[in-house]
Amino acid sequence: QSAEILQMKAWLKDANASTEVPHAMGHGMGGMLDDAELSALQAATGKEFDLLWLKGMIAHHQGAVDMVAMIEDSMDAKIKEFGSKIKSSQNKEIELMNNLLKDIG
């Protein structure tokens with residue numbers, strides 16, 4: 001995600017906007033694990049860890065897909081293309097992780 005973050009920060013800089021993320025945006029966004037989920041993941045091992053990690057990552061990727069839906073109607077072609085690429089790549093990874101979940105059982 002580093003390349004995407006750099007691109008978005010460059011757009012913000014070009015628009016003379018702050019590149020700092022407001023503190024309130026750190027948690028509560030779609031796909032972010034809460035403290036209980038992080039604790040469960042940290043305590044888990046083996047198959048349980050794999051299942052929790054995959055489920056958390058699927059939700060995280062789905063959160064990204066949901067977020068880029070906000071820019072689908074952007075008037076800026078670069079931003080629109082950026083969102084489309086993220087949506088495509090995240091959906092491919094979600095599909096892969098869902099297949100891994102099936103394989104693990």
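The values are calculated or read from the model by the stated rules, or taken from the named source; none is laboratory data. The model shown is predicted, which means the values in this text are computed figures rather than measured ones. Using ideal geometry, Cβ is built from the backbone for each residue, glycine included, and neighbour counts are taken over all protein chains shown. Ligands, DNA and RNA are excluded from the accessible area calculation, which covers all protein heavy atoms including side chains. Shrake-Rupley method; radii C 1.70, N 1.55, O 1.52, S 1.80 Å.
For the stretch 32-75, the set of residues classified as over 10 Å from the mean Cα position of the chain (by Cα), under 20 Å from Leu101 (Cβ atoms) and of a type in the set (Val, Ile, Thr) consists of Thr45 only.
Checked against (1) open to solvent by 70 Å² or more (accessible area, probe 1.4 Å); (2) modelled with pLDDT of 85 or more; (3) closer than 25 Å to Glu93 by Cβ, Gln1 passes all but condition (2). If you go through the stretch 31-46 and keep only what is open to solvent by 70 Å² or more (accessible area, probe 1.4 Å) and touching a residue at least 12 places away in the same chain (Cβ under 8 Å), you end up with Met32, Glu37. The single residue among Phe49, Phe82 that is open to solvent by less than 60 Å² (accessible area, probe 1.4 Å), among the aromatic types (Phe, Trp, Tyr) and assigned to a helix (DSSP H, G or I) turns out to be Phe82.
Each residue in the stretch 47-91 was checked for being of a type in the set (Lys, Arg) and more than 23 Å from Ile104 (Cβ to Cβ), and 4 pass.
For the stretch 3-21, the set of residues classified as in a loop (DSSP other than H, G, I, E, B) and closer than 19 Å to Ile86 by Cβ consists of Thr19, Val21, listed by residue number.
In the stretch 69-78 there is at least one residue that is open to solvent by 90 Å² or more (accessible area, probe 1.4 Å) and either modelled with pLDDT under 85 or in a helix (DSSP H, G or I) (or both).
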